[in-house]
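Accompanying notes for the structure given below.
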Amino acid sequence: MTWNSASDFFAMGGYGLYVWGAYGVAAACMAVEPVMAALRHSRARRALAGEGE
């Protein structure tokens, strides 16, 4: 597929909203997952530390 301009590229043949929306959702998930994993990890460490008492 060839694009004549940057706006044609971003429009993606009329599917731009779907394509770029999907990229946005995937990027958001990849940005949030490490934060959530770190929170789960610290919560698990605190729970294990509390078991020994």
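The values are calculated or read from the model by the stated rules, or taken from the named source; none is laboratory data. Since this is a predicted model, take the numbers as computed values, not measurements. FYI the Cβ positions are ideal-geometry reconstructions off the backbone, even for glycines, and counts take in every protein chain you see. Areas reflect the complete protein model, heavy atoms only, side chains present, ligands, DNA and RNA absent. Shrake-Rupley method; radii C 1.70, N 1.55, O 1.52, S 1.80 Å.
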Relative to the longest principal axis of the chain, what angle (0 to 90°, nearest 10) does the C-alpha long axis of helix 16-51 take? 10
Potential lengthening between Tyr23 and Ala11 on full extension [0.36 nm per residue; Cα-Cα distance subtracted]: 2.9 nm
Just by accessible area at a 1.4 angstrom probe, what is the order of Val35, Val19 from largest to smallest? Val35, Val19
With +1 on each Lys and Arg Cβ and -1 on each Asp and Glu Cβ, and nothing else charged, work out how big the dipole of the chain is about its Cα centre, in Debye to the nearest 20. 180
Read-out semi-axes √(5λ) of the Cα gyration tensor in Å, derived from the coordinates shown; its label in (1) 46, 7, 5; (2) 31, 10, 8; (3) 53, 5, 4: (1)
